[in-house]
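**Student:** Shown below is the structure under consideration.
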Amino acid sequence: MSEGLAVRQKKAVRLTVGILVAVIASIIVAIVLKFATMQPDLKAELERSHTLYFETPRLVPDVALTKHTGEPFSVDQLKGQWDLINFGYTYCPDICPTNMADMKQARAQLEAQGLADQVRFWMVTVDPARDTVEQLSQYVPYYHPEFIGLTGSLDDITTLATQLSAVFYQEGSGEGYTVAHSDNYALIDPQGHFVALMRPPHKPSHIVDALSVLITQGS
């Protein structure tokens, strides 16, 4: 092989490598730009449904709670689907029944869109003293047999609520006490991360719109 041919081959190899590097770099830039522009669009769409999307997903604490079926709950069960978590209690006179009814309507609309099997709905009690497993088992499935109620110790429920941007406290004493609580829904992605917070006023359409956007565009 002549020296001139060897030089030309080396130049050809360098040119090929340079082209490949440029192509790969272009692909990486395109992907970065896609996600950089997608997130603002996602956040803007969710804002229309009063939903705040977090740029950094948040962890959900692994607390020892019990389902209304009597089965134990673990944080790993918040994986594989989208989850909407609502805090309330069965003796609630107004907001909680309305929220549960809204969730029922939202699930029906999601089912009509073929998306219901990608979402779970939960109600975590903020009144564990009265909301036993038996009490929740009579209340939660009344709205939908697929809905899941959770109860447990006050400490564990407080830990979960705090991490999911919910607050609650008892008002009054005696048998007729009430529990004041925030009216937000926590949205958990299929990886089990707290990624968005739905704020009032709530409507079934807001739930459907937010979950539809997250299922199609979210993580």
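**Student:** Of everything in region 52-74, what is modelled with pLDDT under 95 and among the β-branched types (Val, Ile, Thr)? Give them in sequence order.
**Tutor:** Answer for region 52-74, where residues must be modelled with pLDDT under 95 and among the β-branched types (Val, Ile, Thr): just Thr56.
**Student:** Can I ask one more? Take the residues in region 124-151 that are in a strand (DSSP E or B) and touching a Phe, Trp or Tyr at 6+ places or on another chain (Cβ under 8 Å); name whichever of them is nearest to Val179 (Cα to Cα).
**Tutor:** Among them, the one singled out is Thr125.
**Student:** Could we say that Tyr53 is in a loop (DSSP other than H, G, I, E, B) and among the aromatic types (Phe, Trp, Tyr) here?
**Tutor:** Criteria not met by Tyr53.
**Student:** Something else: Quick check on this structure: which one of Asn99, Asn86 is among the polar types (S, T, N, Q), modelled with pLDDT of 95 or more and part of a helix (DSSP H, G or I)?
**Tutor:** Asn99
**Student:** What do you reckon, is Gly88 touching a residue at least 60 places away in the same chain (Cβ under 8 Å) and in contact with a Cys (Cβ under 6 Å, 6 or more places away or on another chain)?
**Tutor:** For Gly88, the condition - touching a residue at least 60 places away in the same chain (Cβ under 8 Å) and in contact with a Cys (Cβ under 6 Å, 6 or more places away or on another chain) - is met.
**Student:** Filter region 152-185 for residues that are aromatic (Phe, Trp, Tyr) and not in a strand (DSSP E or B) and give the result.
**Tutor:** Tyr177
**Student:** Among what's in region 171-191 and is of a type in the set (Gly, Ala, Ser) and surrounded by fewer than 18 Cβ atoms within 10 Å (Cβ to Cβ), pick the residue that is nearest to Val75 (Cα to Cα).
**Tutor:** Ser182
**Student:** For region 192-212, enumerate the residues that are surrounded by fewer than 21 Cβ atoms within 10 Å (Cβ to Cβ), farther than 18 Å from Val60 by Cα and either under 14 Å from the mean Cα position of the chain (by Cα) or of a type outside the set (Lys, Arg) (or both).
**Tutor:** The answer is Arg199, Pro200, Pro201, Pro204, Ser205, Asp209, Ser212.
**Student:** Then there is this: When Phe54 is evaluated against the numbered criteria (1) surrounded by 15 or more Cβ atoms within 10 Å (Cβ to Cβ); (2) within 11 Å of the chain's Cα centre (by Cα); (3) farther than 15 Å from Met123 by Cβ, which criterion, by number, is the only one it fails?
**Tutor:** So Phe54 meets the others, but not (1).
**Student:** Anything in region 90-117 that is of a type in the set (S, T, N, Q) and out of contact with any Phe, Trp or Tyr (no Cβ under 6 Å at 6 or more places or on another chain)? List them, or say none.
**Tutor:** Thr98, Asn99, Gln105, Gln109, Gln113
**Student:** Could you tell me which residue of region 146-170 is surrounded by the fewest Cβ atoms within 10 Å (Cβ to Cβ), considering only residues that are more than 16 Å from the chain's Cα centre (by Cα) and more than 17 Å from Thr90 (Cβ to Cβ)?
**Tutor:** So, considering only residues that are more than 16 Å from the chain's Cα centre (by Cα) and more than 17 Å from Thr90 (Cβ to Cβ), the one surrounded by the fewest Cβ atoms within 10 Å (Cβ to Cβ) is Tyr169.
**Student:** Of all residues in region 102-123, which are in a helix (DSSP H, G or I), more than 15 Å from His206 (Cβ to Cβ) and in contact with a helix residue (DSSP H, G or I) (Cβ under 7 Å, 6 or more places away or on another chain)?
**Tutor:** Ala116, Gln118
The values are calculated or read from the model by the stated rules, or taken from the named source; none is laboratory data. Small disclaimer: the values here were computed from a predicted structure and weren't measured. In this analysis, Cβ positions are derived from the backbone assuming ideal geometry, glycine residues included, and neighbour counts consider all displayed protein chains.
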